[in-house]
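Undergrad: Here's a structure for you.
The values are calculated or read from the model by the stated rules, or taken from the named source; none is laboratory data. All values derive from a computational prediction rather than experimental measurement. Counting neighbours? That spans all protein chains shown, and the Cβs are built from the backbone with ideal geometry, glycine included.
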Amino acid sequence: MQTVKFTDFPVSEYILQAVEAMGFENTTPIQAAAIPVVLTGRDVIGQAQTGTGKTAAFGIPAIEHVDVENRSTQVLIMCPTRELALQVKEQITALAKFKKGLLVTAIYGGESYERQFANLKRGTQIVVGTPGRIMDHIEKKTLKLDNISMVILDEADEMLNMGFREDIEQILSHAPEERQTVLFSATMSKDILNITKKFQKNPEIIKVTKNEITNVNIDQSFYLVKREAKFELMVRLIDVHDLQLMLVFCNTKSKVDELVEDLQAQGYAAEGLHGDLRQAARNQVMNKFRNGNTKILVATDVAARGIDVSGVDAVFNFDLPMDLEYYVHRIGRTGRAGKLGRAFLFISKRDRNRMRDLENYTKSAIPQGQIPTQADMNKARQNKFVEKIKANIQEEGNEAFEGIVDQLKEEGFLTHQIVSALMRMQAGTVRKSSFKDHELSDDGGRGSDRRTESRFGGRNERPTGGRGYERGGDSQRNGSFERRGDATRSRSRFEGSESPRPRREFGSGAPTGVAEAGMTRLFLNLGRKDNVSPNHIVGAIASEAKIPGKAIGQIDMYDKFSFIEVAHKDVSRVIDGMKGKTINAREANIEVAK
């Protein structure tokens, strides 16, 4: 396909300045096809997946469309989720950076009306919002559509799946008939076509083909792994490939919480995102992920809708998505801006037939990956350490330590003994796996690097459910849980290993005030009635105090307060790091327990 540059479009200089500032030069296929058509004022139907650059495809024409001298709302953009609404608002704001006098506002549920009233009253020309909150503002007469001349429906199929059809139709009926209507959708269902027939006039259809949807910059692979060994495999892949920023997708909220706790227990900076989080907590989680304080974001598909963070090294499909369409949405979040990304898919024997369906859907064969062995892990760790040493040798300031080496040699120690001891001290202990290499694969002993047609054999076993699985609750149990009082805890498979999961339990009875040897007991002003869990506490402290989750000891929770044990050396870091911070959107105060 011929490369199209943004300078090839009839757009204003302020757009080109903004695009250059964002680091873009060439367009994506959907941008190349859609921008010239939308700029003409025609109604458009664009079929494109998440990650194809469609926000700029409609955002650039929307910005060009606005008359900054007119302080009324002229462009309305509807999105299915608050996350996507915020994302679209942020990208359009960046694209409009050099167009003085243009205001963009996002309106969505979970945020106070007062702030949104104030933003709308300022004279916002472009409004991005969710259908429900847009309807609320229309009814309250705080959002007027009298001067709307352009309406954009982003991810229209998802809005209909979430039950917004009535709201969408009412909103469109409030807008003037003489307007431009642009619709983007990943699929063209009967409901979508009904909307287009009713509210669009002779629209031009622009479609990105499947070959263009599947990003060539993404290295995809699947792993046939036992369900109980998925976590171990993910940790091995993270370490072997030295991954720094990752998205992990699970099918249920309970699995998200369980996986986050497992990752934090192993010292990874991980956070979870699903429908049970309040908006303030969701914003906090996303901010940590965007600024790099959180390295691993674990999410459900619906909660992650619209997430667009640059620099994601890899996407883990911890569960095969129930709706195969979501697979493309998931992996499209890596391999952006010309960089290579990785997409890992974990399946077990029961998923073989659905794996075949996935390859048919994407029209591409996904190769089977080699499960890293413990030897691979050690080699990767050694190579990383060697590179670190080489880089340090090039730096200045090592002369101060040469005298120590000479002193040790004079005392009879050999050079290789000194170096080996220092390397061991610096590298730390190697994480021990609770699985032997041959215990991970679920391919019946054939070897994880073999790919045969037999993996497609057997009866087609499809899981029950489909779309809306998150909204229907966590009826599916992807892990082993036990009930203790009114708390749910996931059983640790690390019990008895060298790196056990820290004890995180709910207290029952009066606090004893006694901490384990080497630990200090801290008081936290939040408890069970504040909807705070041990998982929330560990995640917040690990992120804000910059200490590994596994360094946090026992957590005793009561109705209105909690006690946390941390190492003596970490006390000041925890107290200082948590000053002014929140846990699950609640102000947290931590001090040494009296």
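Undergrad: Only one of (1) more than 19 Å from Pro548 (Cβ to Cβ); (2) in contact (Cβ under 8 Å) with a residue 40 or more places away in the chain; (3) buried (at least 19 other Cβ atoms within 10 Å of the Cβ) fails for Gln279. Which number is that?
TA: (3)
Undergrad: Kindly indicate whether Val38 is outside the structural domain of Arg290 (by TED's automatic domain parsing), in a loop (DSSP other than H, G, I, E, B), closer than 21 Å to Val127 by Cβ and not acidic (Asp, Glu).
TA: Values: outside the structural domain of Arg290 (by TED's automatic domain parsing): yes; in a loop (DSSP other than H, G, I, E, B): no; closer than 21 Å to Val127 by Cβ: yes; not acidic (Asp, Glu): yes.
When the stated conditions are applied, Val38 does not pass them.
Undergrad: Can you name the residue in the range 564-588 that is touching a Gly at 6+ places or on another chain (Cβ under 7 Å) and either more than 18 Å from Thr520 (Cα to Cα) or not β-branched (Val, Ile, Thr) (or both) and, of all such residues, is surrounded by the most Cβ atoms within 10 Å (Cβ to Cβ)? Before the answer, list the steps.
TA: Going through the range 564-588, the residues touching a Gly at 6+ places or on another chain (Cβ under 7 Å) turn out to be 565-568.
Next, from what is left, pick out any that are either more than 18 Å from Thr520 (Cα to Cα) or not β-branched (Val, Ile, Thr) (or both): 565, 567-568.
Working: Glu565: 20, Ala567: 16, His568: 11.
Ranking the qualifying residues of the range 564-588, first place goes to Glu565.
Undergrad: Next question. Just the residues that are modelled with pLDDT of 85 or more and either under 21 Å from the mean Cα position of the chain (by Cα) or within 17 Å of Asn293 (Cβ to Cβ) (or both), please, taken from the range 518-539.
TA: Just the residues of the range 518-539 that are modelled with pLDDT of 85 or more, to begin with: 519-527, 537-538.
Matches in the range 518-539: Ile537, Val538.
Undergrad: Test Ala106 against the criterion of being in contact with a Cys (Cβ under 6 Å, 6 or more places away or on another chain), outside any loop (DSSP other than H, G, I, E, B) and not assigned by TED's automatic domain parsing to the domain that holds Gln279, and give yes or no. Please lay out each step first, then the result.
TA: Details: in contact with a Cys (Cβ under 6 Å, 6 or more places away or on another chain): no; outside any loop (DSSP other than H, G, I, E, B): yes; not assigned by TED's automatic domain parsing to the domain that holds Gln279: yes.
It is false that Ala106 is in contact with a Cys (Cβ under 6 Å, 6 or more places away or on another chain), outside any loop (DSSP other than H, G, I, E, B) and not assigned by TED's automatic domain parsing to the domain that holds Gln279.
Undergrad: Hey, any hits in the range 135-152 for a residue that's within 24 Å of Ala18 (Cα to Cα) and under 26 Å from the mean Cα position of the chain (by Cα)?
TA: yes
Undergrad: A follow-up question, please. Yes or no: the range 184-194 includes at least one residue that is exposed (fewer than 14 other Cβ atoms within 10 Å of the Cβ) and modelled with pLDDT of 90 or more.
TA: Checking the range 184-194: not a single residue is exposed (fewer than 14 other Cβ atoms within 10 Å of the Cβ) and modelled with pLDDT of 90 or more.
Undergrad: Please tell me if Ala281 is touching a Pro at 6+ places or on another chain (Cβ under 9 Å), farther than 13 Å from Val248 by Cβ and not acidic (Asp, Glu). Outline the logic, then answer.
TA: On the way: touching a Pro at 6+ places or on another chain (Cβ under 9 Å): no; farther than 13 Å from Val248 by Cβ: yes; not acidic (Asp, Glu): yes.
Spelling it out, it is not the case that Ala281 is touching a Pro at 6+ places or on another chain (Cβ under 9 Å), farther than 13 Å from Val248 by Cβ and not acidic (Asp, Glu).
Undergrad: Looking only at the range 564-594, count how many residues are at pLDDT 90 or above and among the hydroxyl-bearing types (Ser, Thr, Tyr).
TA: 1
Undergrad: Identify, from the list Gly311, Gly335, Gly306, the residue that is modelled with pLDDT under 85, touching a helix residue (DSSP H, G or I) at 6+ places or on another chain (Cβ under 8 Å) and on the phi > 0 side of the Ramachandran plot. Steps first, answer last, please.
TA: On the way: Gly311 fails: touching a helix residue (DSSP H, G or I) at 6+ places or on another chain (Cβ under 8 Å); Gly335 fails: touching a helix residue (DSSP H, G or I) at 6+ places or on another chain (Cβ under 8 Å).
Exactly one of Gly311, Gly335, Gly306 is modelled with pLDDT under 85, touching a helix residue (DSSP H, G or I) at 6+ places or on another chain (Cβ under 8 Å) and on the phi > 0 side of the Ramachandran plot, namely Gly306.
Here's the yes/no breakdown for (1) within 29 Å of Ala281 (Cβ to Cβ); (2) touching a Cys at 6+ places or on another chain (Cβ under 9 Å); (3) at pLDDT 95 or above:
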| position | (1), (2), (3) |
| --- | --- |
| Pro61 | no, no, yes |
| Val68 | no, no, no |
| Arg71 | no, no, no |
| Gln74 | no, no, yes |
| Ile77 | yes, no, yes |
| Leu84 | yes, no, no |
| Glu90 | yes, no, no |
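Undergrad: A follow-up question, please. Would you point out which residue out of Phe561, Phe506 is hydrophobic (A, V, I, L, M, F, W, C) and at pLDDT 85 or above?
TA: Numbers: Phe506 fails: at pLDDT 85 or above.
Criteria check complete, one pass: Phe561.
Undergrad: Run Val68 past the list (1) of a type in the set (A, V, I, L, M); (2) in a helix (DSSP H, G or I); (3) without any contact (Cβ under 8 Å) to a residue 60 or more places away in the chain and report the number of the one that doesn't hold.
TA: Result: Val68 passes all but (2).
Undergrad: Restrict the check to the range 189-208 and report whether at least one residue is in contact (Cβ under 8 Å) with a residue 60 or more places away in the chain and either under 19 Å from Glu83 (Cα atoms) or among the aromatic types (Phe, Trp, Tyr) (or both).
TA: No, because not a single residue in the range 189-208 is in contact (Cβ under 8 Å) with a residue 60 or more places away in the chain and either under 19 Å from Glu83 (Cα atoms) or among the aromatic types (Phe, Trp, Tyr) (or both).
Undergrad: Take the conditions assigned to a helix (DSSP H, G or I) and under 24 Å from Lys201 (Cβ atoms) and apply them to Ala62. Does it pass? If you could, list the steps in order and put the result at the bottom.
TA: Numbers: assigned to a helix (DSSP H, G or I): yes; under 24 Å from Lys201 (Cβ atoms): yes.
For Ala62, the condition - assigned to a helix (DSSP H, G or I) and under 24 Å from Lys201 (Cβ atoms) - is met.
Undergrad: Which of (1) assigned to a loop (DSSP other than H, G, I, E, B); (2) in contact with a strand residue (DSSP E or B) (Cβ under 8 Å, 6 or more places away or on another chain); (3) surrounded by fewer than 21 Cβ atoms within 10 Å (Cβ to Cβ) is the odd one out, the single condition Thr124 does not satisfy?
TA: Tallying (1) assigned to a loop (DSSP other than H, G, I, E, B); (2) in contact with a strand residue (DSSP E or B) (Cβ under 8 Å, 6 or more places away or on another chain); (3) surrounded by fewer than 21 Cβ atoms within 10 Å (Cβ to Cβ), Thr124 fails exactly one: (3).
Undergrad: Does the range 286-294 include one or more residues that are more than 26 Å from Pro80 (Cβ to Cβ), of a type outside the set (S, T, N, Q) and surrounded by fewer than 18 Cβ atoms within 10 Å (Cβ to Cβ)? Let's see the steps before the verdict.
TA: Of the range 286-294, the ones more than 26 Å from Pro80 (Cβ to Cβ) are 292-293.
Remaining after also requiring of a type outside the set (S, T, N, Q): 292.
Checking the rest, the ones that are also surrounded by fewer than 18 Cβ atoms within 10 Å (Cβ to Cβ) come to 292.
Yes, the range 286-294 has at least one match.
Undergrad: Taking the residues in the range 146-190 that are of a type in the set (Lys, Arg) and assigned to a helix (DSSP H, G or I) as candidates, determine which candidate is nearest to Cys79 (Cα to Cα). Give the derivation first.
TA: Looking only at the range 146-190, we keep the residues that are of a type in the set (Lys, Arg), and these are 165, 179, 190.
Next, only the ones that are assigned to a helix (DSSP H, G or I) stay: 165, 190.
Numbers: Arg165: 12, Lys190: 19 Å.
Out of the qualifying residues, it is Arg165.
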